[in-house]
1. So in segment 36-46, with the set limited to residues that are farther than 19 Å from Ala23 by Cα and not hydrophobic (A, V, I, L, M, F, W, C), which one is surrounded by the fewest Cβ atoms within 10 Å (Cβ to Cβ)?
2. How many of the residues in segment 247-261 are within 18 Å of Arg165 (Cβ to Cβ) and out of contact with any Pro (no Cβ under 8 Å at 6 or more places or on another chain)?
3. Can you pull out the residues in segment 20-38 that are among the small types (Gly, Ala, Ser) and more than 16 Å from Leu55 (Cα to Cα)?
4. Given the conditions (1) closer than 19 Å to Met5 by Cβ; (2) touching a helix residue (DSSP H, G or I) at 6+ places or on another chain (Cβ under 6 Å); (3) at pLDDT below 90, report the number of the one that Arg28 does not fulfil.
5. Every residue in segment 38-80 that is touching a His at 6+ places or on another chain (Cβ under 7 Å) and either among the basic types (Lys, Arg) or more than 26 Å from Glu107 (Cα to Cα) (or both), please.
6. Return the residue satisfying two criteria in turn: it lies in segment 50-101 and is surrounded by fewer than 19 Cβ atoms within 10 Å (Cβ to Cβ) and aromatic (Phe, Trp, Tyr), and of such residues it is nearest to Ala160 (Cα to Cα).
7. Can you tell me which residue in segment 153-165 is nearest to Thr252 (Cα to Cα), limited to those that are surrounded by fewer than 24 Cβ atoms within 10 Å (Cβ to Cβ) and out of contact with any Gly (no Cβ under 8 Å at 6 or more places or on another chain)?
8. Only one residue in Ala170, Ala175 is over 16 Å from the mean Cα position of the chain (by Cα) and modelled with pLDDT of 90 or more. Which one?
Amino acid sequence: QELLMKAIKEDAVELLKPGLEFARSSKRVPFPVRVGSLMRAAVDAKSHAVLTYLLDYEDAQPSEILVSRISQYGSIGLFEILLAHGWDIDSQDRDGRRFVDHSCHDETLVRWLVQRGAVVDNGKQEEDPGSEIVPPRPVLQTCAARGSLSTFKFLQSQGAKLGRRSLHLAAQVGARNSADPGNNCQNSRPWEIAREDDSDEVKKDRADSEDILRYLLDDLGLDVNSLDTDILKGVFYSGTAINYASWQNRSTLVVQWLLQRGADPTIRS
């Protein structure tokens, strides 16, 4: 075990081979189970040489790796290896998200996936939590919350569906990011105002939220008072976009902007 872990840490196939021979003769863990465990560890450690060897010579199966795990540690290099070994680019995790959904924060990766056949136009407008198999989500709904306007427009150009909660989730995340789409900072509390020492990542997330919120209402003309669902779903579905923004209890700036744009706070789910 120690030799195998060292092989993964150093991405060294020459250490992997003798470790595998010992594991093959061991009765403690079935060898295919051991190979699967090593494959997942190689993904986590970004040990691409070890991963490639396991896929090429030890019958490791990419389908045994959770979509969320590949996405968490993913890179174009990893995806190229997996695609070359029969990986399904449209695999879903347990809640219906695919690699393209998990990658919405990275436009380069989204474009790479789409260029290689990732499907973006089959998300369900209305998610039904009662179904045994969760359908793919509308990717634009995910992008509205996690992506940039440039990524959003690219996915639109590829036929991606908008999703019923695009504005709702954008408002929720925008409030979390202290976004100010209406430039209302003069009416804000001290902790809501963007600071000069905010990290570049924080500034980018805030700007992305502002851009997408304005685009959804000003350019696409979405209904600011549209309900999130017609299906009773409970606590995670709360009505209109202003309810989602109010959840965060962090910033009132998105709430103020939605009110200025005609949001009705009396509408209930």
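The values are calculated or read from the model by the stated rules, or taken from the named source; none is laboratory data. None of the values given here were measured: they were computed from a predicted structure. Cβ coordinates were reconstructed from backbone atoms using ideal geometry, including for glycine residues, and neighbour counts include every protein chain displayed.
1. Start the filter on segment 36-46 by keeping residues that are farther than 19 Å from Ala23 by Cα, which leaves 43-46.
Of the ones still in play, those that are also not hydrophobic (A, V, I, L, M, F, W, C) are 44, 46.
Working: Asp44: 13, Lys46: 15.
Checked segment 36-46; the qualifying residue surrounded by the fewest Cβ atoms within 10 Å (Cβ to Cβ) is Asp44.
2. 5
3. Residues of segment 20-38 among the small types (Gly, Ala, Ser): 23, 25-26, 36-37.
Hits for segment 20-38 are Ala23, Ser25, Ser26.
4. Of everything listed in (1) closer than 19 Å to Met5 by Cβ; (2) touching a helix residue (DSSP H, G or I) at 6+ places or on another chain (Cβ under 6 Å); (3) at pLDDT below 90, Arg28 misses just condition (2).
5. Leu55, the sole residue that qualifies.
6. Tyr73
7. Once the filter is applied, the top-ranked residue is Arg164.
8. On the way: Ala170 fails: over 16 Å from the mean Cα position of the chain (by Cα).
Step by step, each of Ala170, Ala175 is checked, and only Ala175 is over 16 Å from the mean Cα position of the chain (by Cα) and modelled with pLDDT of 90 or more.
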